[in-house]
Amino acid sequence: MTTRNKIGILDLQGGVHEHAFHLQSLGIEPVRVKVAEQLDDLAGLILPGGESTCLIRLLNIFEITPKLKAAHADGMKIWGTCAGAILIANRIEGDQPQLGLMDITVARNAFGYQIDSFNTIVNIPKVSKKDMELTFIRAPKIRAVGKGVDALLHIDDYIAAAESEKCLATVFHPELTPSLAFHKYFVEKCGITITSELTEIPERTSWMQFARIANPTK
Ligand code: GLN
């Protein structure tokens, strides 16, 4: 039996490199998961943002879905960012659930078109003492959470981040803004100790141009 002591990122489609960069900034070298066998020694798996219909099709084509569910049942924690949060939801408004691993109800594309994407600044005390800039890209809304799921962040009429014992769901993209707080939070949730003192990536990288342009306060 292998020990679950690594962090993986599902590497089929979406924002993989950006998550990897944040983890590397914390001193964690992630496993880029392309085949089911790579799930065996993972303490945690990040399902990146991208396109949830595309992701579930690729998960099924490459026969990763059953192994992913089994690994999760065996203790592998999952963090779904944006499309990843849609993948793990037990209920999707007007659609069939996909992996169904977390008792949340989501509404896809709930803010409108791609052009309606935006940045905002929030405080999530459980995750960080500092304010955090968050990027929402054609994001879903978490409409409701079930038993055993805590809302970490309420905004207006929706929930933007939620957590259960084995899952974390964020409808925004912490990998696209400088704060390392969410990555640290997830890695520690997986039982892995971080020794790095860094709280932000050293400087904004090219993929953060979007975040800068979309931020109405700048
Ligand atoms: N709109 C996408 C979907 O429904 C999610 C977008 C994202 O991950 N940024 O799958």
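Identify, please: which residue in the stretch 121-132 is assigned to a loop (DSSP other than H, G, I, E, B) and surrounded by fewer than 14 Cβ atoms within 10 Å (Cβ to Cβ) and is, among those, farthest from the ligand (Cβ to nearest atom)?
Here is the first cut: in the stretch 121-132, the ones assigned to a loop (DSSP other than H, G, I, E, B) are 123-131.
Still in the list and also surrounded by fewer than 14 Cβ atoms within 10 Å (Cβ to Cβ): 123, 125-126, 129-131.
Values: Asn123: 22, Pro125: 25, Lys126: 23, Lys129: 27, Lys130: 24, Asp131: 22 Å.
Here the answer is Lys129.
Being of a type in the set (Ser, Thr, Tyr), modelled with pLDDT of 95 or more and more than 28 Å from Ala70 (Cα to Cα) is true for just one of Tyr158, Tyr185. Which residue is that? Give the steps one after another, and end with the answer.
On the way: Tyr185 fails: more than 28 Å from Ala70 (Cα to Cα).
Step by step, each of Tyr158, Tyr185 is checked, and only Tyr158 is of a type in the set (Ser, Thr, Tyr), modelled with pLDDT of 95 or more and more than 28 Å from Ala70 (Cα to Cα).
Filter the helices (runs of 4 or more DSSP H) completely within the stretch 1-114 down to those with at least 1 residues that are modelled with pLDDT of 95 or more and either under 12 Å from the mean Cα position of the chain (by Cα) or within 16 Å of the ligand (Cβ to nearest atom) (or both).
Numbers: elements: 16-25, 52-61, 65-73, 83-88.
So the answer is 16-25, 52-61, 83-88.
Tell me, please, whether a residue that is over 20 Å from Gly84 (Cβ atoms), of a type in the set (Asp, Glu) and surrounded by fewer than 17 Cβ atoms within 10 Å (Cβ to Cβ) can be found in the stretch 137-150.
Keep residues of the stretch 137-150 that are over 20 Å from Gly84 (Cβ atoms), which gives 147.
Next cut, of a type in the set (Asp, Glu) only: none.
No, every residue in the stretch 137-150 fails to be over 20 Å from Gly84 (Cβ atoms), of a type in the set (Asp, Glu) and surrounded by fewer than 17 Cβ atoms within 10 Å (Cβ to Cβ).
Can you pull out the residues in the stretch 71-120 that are among the acidic types (Asp, Glu), surrounded by fewer than 16 Cβ atoms within 10 Å (Cβ to Cβ) and farther than 19 Å from Val33 by Cβ? Reasoning before the result, please.
Kept after step one, since they are among the acidic types (Asp, Glu), are these residues of the stretch 71-120: 74, 93, 95, 103, 116.
Next, only the ones that are surrounded by fewer than 16 Cβ atoms within 10 Å (Cβ to Cβ) stay: 74, 93, 95, 116.
Residues satisfying the conditions are Glu93, Asp95, Asp116.
The values are calculated or read from the model by the stated rules, or taken from the named source; none is laboratory data. Quick caveat, the model's predicted, so the values are computed rather than measured. Every residue, glycine as well, gets a Cβ built from its backbone with ideal geometry; the counts of neighbours run over all protein chains shown.
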